[in-house]
Every structure is written in structure tokens, then in C-alpha cells.
Amino acid sequence: MGLMIERLAMDRRTMLIRTAAGGVGILAGCARSAWAAADAQPKIVSIVQYSAAGVRGDVAQVSKIVKTGAEWRRQLSPISFNVTRHAAT
């Protein structure tokens, strides 16, 4: 019976060690992802410019704008927000 209790204690210890190591690994992965995102260069997108008459003009290369929904809501009118943020545009 003593051998069985010792075996159970060892199994619990192994489980706790592996759980702790897994948690540390997950935290390290999340931290690395956050650092990579902070160091990443802004994505460049192409914008086709048109005149007021609808004539196609030049193509401009600009940095992609990344904002939260709340930031867009403050900047846009309610109708513009609904069209641009919810109408799959």
C-alpha cells in the first residue's frame, strides 16, 4: 500500500510540474506575440484616387489605418459608421 501512495504522490507532482511549465509556455508565447505586434511595421495599402468627375487618377501607397470601433464611431456620423463598419465594405 505504501508503494501505491508513493506512486500517486509522484503522479500529482508530475502533473503539477507539467501544468506549471505549460502555463509559463503560454504566457511566454502571448508576450512574444505582443512584442512582435508592437515592433511590426504598419501595413501599406494602395488607394486609387478619383477626380470629382469620376476620372481615375493615380494610385497612392499609404499606411493602413487601424482604429477601434469606438474611435471610428466618434469620428464618423452614425450613417457613415453603419455603412463603412457594418455593411461589409
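The values are calculated or read from the model by the stated rules, or taken from the named source; none is laboratory data. These numbers come from a predicted model, not from an experiment. Backbone-built Cβ (ideal geometry, glycine too); neighbour counts: all protein chains shown.
A few remarks follow.
- Selection count, region 57-68, where residues are outside any loop (DSSP other than H, G, I, E, B), of a type outside the set (V, I, T) and surrounded by 10 or more Cβ atoms within 10 Å (Cβ to Cβ): 2
- Complete set of residues in region 30-56 that are modelled with pLDDT of 75 or more and in a helix (DSSP H, G or I): none
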